[in-house]
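Before anything else, here's the structure in question.
The values are calculated or read from the model by the stated rules, or taken from the named source; none is laboratory data. Keep in mind that this is a model prediction, so the values were computed, not measured. Virtual Cβ from ideal backbone geometry, glycine too; neighbours counted across all protein chains shown. Surface areas here come from the heavy atoms of the whole protein model, side chains and all, with no ligands, DNA or RNA. Shrake-Rupley method; radii C 1.70, N 1.55, O 1.52, S 1.80 Å.
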Amino acid sequence: MASHDSLRIAENWFDHFSTALGSGDSVAVTSSFLPDGWFRDILVFGWDFRSLEGRAKIQNYLTEVLGKVGITNMQLDKSPSISPRPFSLTTTQPAGVELAFTFDRPHGPCHGYVRQERDEDGVYRALTVMAMLHDLYGHEEILQSENSKSPSSPLK
């Protein structure tokens, strides 16, 4: 599978998924999953961790939470290190396409990762979707380099 095919497949899936998610349509969001697909929520839709298998469970959960989450600025991540690309389960044939995306919630920026495979009808749908809160606005992690230790540090 060529990289431009992976990008086209990823964009088609992401356009459907992000539109459905933004409109709060849990049925449309769920239709972007394989029947036995998995959804992993890490502090995005609630303040806990969830792993859900199958469209029915995913739809029930999203029906409860989608109207309350306020997702904005969904973007397919096309940076070179994580741009849409094929993945293989065997050494001979690509199994599907993996992609990443970013979005915002009122309390912080989030990331999402997807692996999709062809359904029986030939349409690429999500085998797995993982969404996670990346940081909290107002409580961002402060990163310091080794050369910028405070003057009072005993490790000078």
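Which percent of the accessible heavy-atom area of segment 1-133 goes to carbon and sulfur, probe 1.4 angstrom? All intermediate terms of the calculation are to be shown ahead of the outcome.
Values: 3510 of 6820 Å².
So the carbon and sulfur contribution to the accessible surface is 51 percent.
Next question. Restricting to the chain, what percent of DSSP beta bridges are antiparallel, rounded to 5?
Working: 31 of 37 bridges.
Given both bridge residues lie in the chain, the antiparallel proportion sits at roughly 85 percent.
Using the Cα centre of segment 13-89 as the reference point, and only Cβ charges (+1 on K/R, -1 on D/E), how large is the resulting charge dipole? Debye, rounded to the nearest 20.
With only Lys, Arg, Asp and Glu charged at Cβ, the dipole is about 100 debye.
Calculate one ³J(HN,Hα) per residue across segment 30-41 by plugging θ = phi - 60° into the Karplus curve 6.51 cos²θ - 1.76 cosθ + 1.60, and present them in order as whole Hz with x for glycine and proline.
Whole-Hz 3J(HN,Hα) from phi for segment 30-41: 5, 5, 7, 9, 5, x, 9, x, 10, 10, 10, 10.
What percent do you get for the relative contact order of the chain when only Cα pairs under 8 Å and 6+ apart count?
22
Under 5 Å between amide H atoms, partner at least 5 residues away or on a different chain: which partners does Arg85 have, H built in plane at 1.01 Å?
Under 5 Å from the amide H of Arg85 lie the amide H atoms of Glu98, each far enough along the sequence or on another chain.
Sequence-distant or interchain residues sharing an amide H contact under 5 Å with His107, placed H: which?
Answer set, sorted by chain and number: none.
Let me check the size of segment 1-83 from its C-alpha atoms; what are the radius of gyration and Dmax in Å?
13.7, 39
Modelled label-to-label distance, Ala95 and Ile42, 7 Å Cα→beta-carbon offset: nm?
Output for this residue pair reads 1.9 nm.
Computed over the Cα atoms, what is the radius of gyration of the chain divided by 2.2 N^0.38 Å, N being its residue count? Please list the in-between numbers first.
Working: Rg = 18.3 Å, N = 156, 2.2 N^0.38 = 15.0 Å.
Cα-based Rg divided by the globular estimate yields 1.22.
Separate question: Calculate the spin-label point distance for Thr19 paired with Asn60, positioning each point 7 Å from the Cα along the beta-carbon direction, and give it in nanometres.
2.9
Counting helices only, and only those DSSP H runs with n ≥ 4, report the 222 nm mean residue ellipticity of the chain as the sum of -39,500 (n - 2.57) divided by its residues, in deg cm²/dmol to the nearest 500. Please report the intermediate quantities before stating the final value.
Working: 3 runs with 41 residues, N = 156.
For the chain, the value works out to -8500 deg cm²/dmol.
Using unit Cβ charges (K, R positive; D, E negative) and no other charged atoms, how large, in debye to the nearest 20, is the dipole of segment 1-144 about its Cα centre? Mind dumping the intermediate values first?
Working: 12 positive and 19 negative charges, 14 e Å.
Once rounded to the nearest 20, the dipole reads 60 debye.
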